[in-house]
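The block underneath contains the structure these notes are about, expressed in structure tokens.
The values are calculated or read from the model by the stated rules, or taken from the named source; none is laboratory data. The shown structure was predicted, so the numbers you read here are calculated from the model rather than taken from an experiment. Counting neighbours? That spans all protein chains shown, and the Cβs are built from the backbone with ideal geometry, glycine included.
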Amino acid sequence: MLCDQLSLELAAAADDATPLSVDASRHVGRCLRCQAELAQYRKLLRELAGLRGAQVLPAPELLDLVLDSVSPLAPVYRINRKSRRKAVIGAAAAAASVSAAGAIVLASRLGQRQSLAS
Ligand SMILES: [Zn+2]
């Protein structure tokens, strides 16, 4: 059995929950390279387990760095009062148009029902 073929099995067995196959176990018993690799996986798992409770505080300038990196590339223009008023009037006109169209459709359907009922 080649050492490279055992790499994934060694990684899976590092937590001692997954036993090595018989062939792999025999190979590891006499191969120093695989013993060292298994020992490295176990050490890595121990170190990762030690990090579970570790808290990492962000650097004070991190927020500014993030905000600088996500700022828009295009210029941002502020809408003045006249433009805002035009936008509100346009939205109100559009809403009134949709409401009127809905009322017309509703009235026509009600008219059809009444004509069918009589
Ligand atoms: Zn080996």
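For D16, the requirement of being surrounded by fewer than 15 Cβ atoms within 10 Å (Cβ to Cβ), away from the ligand (no atom under 13 Å from the Cβ) and not small (G, A, S) is met. Condition first: within 10 Å of the ligand (Cβ to nearest atom) and either loosely packed, with under 15 Cβ neighbours inside 10 Å or in a helix (DSSP H, G or I) (or both). Now tell me which residues in the range 30-45 satisfy that. Residues satisfying the conditions are R30, L32, R33, C34, Q35, A36, E37, L38. Being surrounded by 10 or more Cβ atoms within 10 Å (Cβ to Cβ), more than 16 Å from the ligand (Cβ to nearest atom), over 37 Å from the mean Cα position of the chain (by Cα) and hydrophobic (A, V, I, L, M, F, W, C) holds for only one residue in A24, A87, A92, A49, and it is A92.
Being over 27 Å from T18 (Cα atoms) and modelled with pLDDT of 85 or more is true for just one of V66, V105. Which residue is that? That would be V66, the only listed residue that is over 27 Å from T18 (Cα atoms) and modelled with pLDDT of 85 or more. Scanning the range 52-75 for residues that are surrounded by fewer than 10 Cβ atoms within 10 Å (Cβ to Cβ) and hydrophobic (A, V, I, L, M, F, W, C) returns A54, V56, L57, A59, L67, V70, L73, A74.
Flag set for A11, criterion: within 30 Å of the chain's Cα centre (by Cα), within 16 Å of the ligand (Cβ to nearest atom) and modelled with pLDDT under 95.
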